[in-house]
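Novice: So that we are looking at the same thing, I have put the structure below in structure tokens.
Rule-based calculations on the coordinates, nothing more; no lab input. What you see is a predicted model; the values in this text were computed from it and never measured. Note that we place each Cβ from the backbone using ideal geometry, even for glycine, and neighbour counts take in every protein chain shown.
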């Protein structure tokens, strides 16, 4: 029932001259949003650091990273080859304590936290304690970024499909108000109370365990097919159940929500007017119902997306999807602190980007941004 | 009072709301029954009990009611203990040896094999351990020598772990070998129902030395809910899951919505920078990854359900709902009666608490009811992520254990599906009531 906008764009563009082009206006709006969003992300990351560091965990990450770097340097240094093990250890200790002093790890937290923030913003996330990337690297940045595409493929595809299906289905339903399909949608909208992973379990039991037609989880067959087409087909096969699970969770509720909006808007006077003018029902729908409700729809979709992002760890865990969410889970299981903090940071970025992207679409479809504010005055 | 009655009469126009309400009442009754029938401490000590508590139940046994749907019943678990007077026990002392004979005749009436057969021996002696030999007499008159061994003060003999016995049974596992027709009919893999007898002959070498035995034939069904991989009765977690889930759901929903509403009221009333700060916090909150932060808190600090509850509330206060409330408060703020209150000099606090907040309660209640199921599921989600309260038996824990121990792959569907169904029913009943309430209270949705 989120009827509000992510952020009301009106005050931002309140004092624009009408001579400005729409492109310029959208550009300005986006620039302002980008700045606010950047600020928001920085605050969000700082909060994450505060939570993580309550027990001194970020300190440990930094110390571990320093030690790792210095050890590498000492071991690879040809000029130090002749030293004994003990001498090397002593040298490492010395350099570590120097480096810690240089980086101010002995200074108060308030000052240090700024350094952590800089690391987080530049994705300088340190080294994992137990986990490895596929290429063997222990850098958290590589571990996390390597997993990102799988997550984006799954949730990106699913959500785009969901958005368009919802929009057009809802439009059809608002035309057939009271039909059995309409009533079915209203009756099943409470299904959104259960999260996607929950339906996932039922789907896995039925399609994978009982019927044995679809895989239990994973992203592609093992071993992965060499052929591109086969790879794609295998990916599609594995995506079927996760998509279905998200659809069971969100589809009927989203349709119900949109349809209700369309119904409210279709009783507006200007819609009656358009009908009286003799416009075709397609045109009425497109120009007089869909157009004014689109900003609200996009906002609702943003909240839906954010909800889905938030549930990614568990969803990917249930479907064994090798994405970012599952990495968080594995890291939590292994108690791999740097990875946990790293994935949290990346998720914060992802959320911010989602909000920003939808803001951009919002700016494109909301006439108030394009035309400026004169119309509403 | 009148409005409440009219609300209920309106609610009955929505069949789904009515069904939901009935189910909610049943759930609450079930929770209260659970709290009294199986007190918390008992439930916890049972749930955390090891094999010593649960040695009498089979492993991952299906619930007993599956037999209603099967042509051939699965065997149930039964046990005999000579110490409790089951079976026949005779003792005969002569020549410094005490000869003890224990016989457990039993009727086996399933065509399926038992899961496992075990004998738990207890004996009393000073120095020399008694010696026992065990044999089984089958309905077709065969006499199967099971084994001979000495027993300490306590001794567990598991048929399935006896390699020699397996060899004597032509390589069949003992659970099968003893209960099936041998040897001509190796094709037939069903158990033979009928009268069996287990005989134990023990020789103790001291006058007061004695041996007692407890025979347990583990079946493949147990109780109304079945058992898990640690032989625990799933019913305990199913029962205790209800009060825990309802408490968690109610408290988080209440804590979140009420705080959110009050913050929104303050923000809109004071306006200016207060409102601006609240708006900014809401935006930052939108970017914070909810589950990841909970995972962080769970791994670094505490997995206690109550810590999680506080974190969930803290992270949801500045959620999307605040904007909805704000929009409504902005309208109410301009209402003439608020202006009147200001004119006669009501304090800010009084206007917020007595003039603004009560007006929004009709909008708040549906929101609250809709939030309950999401929080009930959140508890399950947290458990599935491995952040479940380590002590409490919950529905989420059952699903977690089941998925973790391959219940889905091995076909032990009941283990996951039972808690999932209860979760679904709980979630749906609250959601159905909440959605109907929303349509009743929200004038914009009326008639749509």
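Novice: Tally up the residues in segment B:274-293 that are surrounded by 22 or more Cβ atoms within 10 Å (Cβ to Cβ) and more than 7 Å from chain A (Cβ to nearest Cβ), please.
Specialist: 1
Novice: Would you please name the residue that is surrounded by the most Cβ atoms within 10 Å (Cβ to Cβ), looking only at residues in segment A:261-281 that are within 16 Å of residue A:168 (Cα to Cα) and in contact with a helix residue (DSSP H, G or I) (Cβ under 6 Å, 6 or more places away or on another chain)?
Specialist: Here the answer is A:262.
Novice: Could you list, in sequence order, all residues of segment B:365-377 that are more than 9 Å from chain A (Cβ to nearest Cβ) and surrounded by 22 or more Cβ atoms within 10 Å (Cβ to Cβ)? Even if it seems obvious, please write down each step before you answer.
Specialist: Taking segment B:365-377 first, the residues more than 9 Å from chain A (Cβ to nearest Cβ) are B:365, B:368-369, B:371, B:375.
B:369, B:371, B:375 - these are the residues of segment B:365-377 that are more than 9 Å from chain A (Cβ to nearest Cβ) and surrounded by 22 or more Cβ atoms within 10 Å (Cβ to Cβ).
Novice: Out of B:213, B:237, B:314, B:264, which single residue is closer than 27 Å to residue B:426 by Cβ and crowded, with 21+ Cβ neighbours inside 10 Å?
Specialist: It is B:237.
Novice: Can you name the residue in segment B:404-425 that is closer than 30 Å to residue B:362 by Cα and more than 9 Å from chain A (Cβ to nearest Cβ) and is also surrounded by the most Cβ atoms within 10 Å (Cβ to Cβ) among such residues?
Specialist: B:422
Novice: I'd like to verify a number: residues in segment B:299-313 that are more than 7 Å from every other protein chain (Cβ to nearest Cβ) and either part of a helix (DSSP H, G or I) or closer than 24 Å to residue A:300 by Cβ (or both), how many?
Specialist: Qualifying residue count for the region: 9.
Novice: Same structure again: Return yes when residue A:236 is without any contact (Cβ under 8 Å) to a residue 40 or more places away in the chain, within 11 Å of chain B (Cβ to nearest Cβ) and part of a helix (DSSP H, G or I) and no when it is not.
Specialist: In short, no.
Novice: With B:322, B:332 as the choices, which residue is under 24 Å from residue B:250 (Cβ atoms) and either more than 9 Å from chain A (Cβ to nearest Cβ) or part of a helix (DSSP H, G or I) (or both)? Quick ask: steps written out before the conclusion?
Specialist: Values: B:332 fails: under 24 Å from residue B:250 (Cβ atoms).
Result of the check over B:322, B:332: B:322.
Novice: If you don't mind, another one. Confirm whether residue B:109 is exposed (fewer than 13 other Cβ atoms within 10 Å of the Cβ), over 30 Å from residue B:125 (Cα atoms) and touching a residue at least 12 places away in the same chain (Cβ under 8 Å).
Specialist: Considered against the rule, which asks whether it is exposed (fewer than 13 other Cβ atoms within 10 Å of the Cβ), over 30 Å from residue B:125 (Cα atoms) and touching a residue at least 12 places away in the same chain (Cβ under 8 Å), residue B:109 comes out as yes.
Novice: Would you mind stating whether residue A:113 is in contact (Cβ under 8 Å) with a residue 40 or more places away in the chain and either within 13 Å of residue A:251 (Cβ to Cβ) or surrounded by fewer than 23 Cβ atoms within 10 Å (Cβ to Cβ) (or both)?
Specialist: Working: in contact (Cβ under 8 Å) with a residue 40 or more places away in the chain: yes; either within 13 Å of residue A:251 (Cβ to Cβ) or surrounded by fewer than 23 Cβ atoms within 10 Å (Cβ to Cβ) (or both): yes.
Against the criterion (in contact (Cβ under 8 Å) with a residue 40 or more places away in the chain and either within 13 Å of residue A:251 (Cβ to Cβ) or surrounded by fewer than 23 Cβ atoms within 10 Å (Cβ to Cβ) (or both)), residue A:113 qualifies.
Novice: Of B:380, B:431, which residue is within 7 Å of chain A (Cβ to nearest Cβ) and surrounded by 22 or more Cβ atoms within 10 Å (Cβ to Cβ)? Talk me through it step by step, then tell me what you get.
Specialist: On the way: B:380 fails: within 7 Å of chain A (Cβ to nearest Cβ).
One residue alone meets the criteria, B:431.
Novice: How many of the residues in segment A:208-221 are over 28 Å from the mean Cα position of the chain (by Cα) and farther than 14 Å from residue B:407 by Cβ?
Specialist: 3
Novice: Can you find a residue that is closer than 22 Å to residue A:141 by Cα, touching a residue at least 24 places away in the same chain (Cβ under 8 Å), surrounded by 15 or more Cβ atoms within 10 Å (Cβ to Cβ) and within 14 Å of another protein chain (Cβ to nearest Cβ) anywhere in segment A:61-77?
Specialist: The answer is yes, given that some residue of segment A:61-77 is closer than 22 Å to residue A:141 by Cα, touching a residue at least 24 places away in the same chain (Cβ under 8 Å), surrounded by 15 or more Cβ atoms within 10 Å (Cβ to Cβ) and within 14 Å of another protein chain (Cβ to nearest Cβ).
Novice: Then there is this: So residue B:389 passes all but one of these: (1) touching a residue at least 40 places away in the same chain (Cβ under 8 Å); (2) more than 12 Å from chain A (Cβ to nearest Cβ); (3) within 21 Å of residue B:271 (Cβ to Cβ). Which condition number does it fail?
Specialist: (3)
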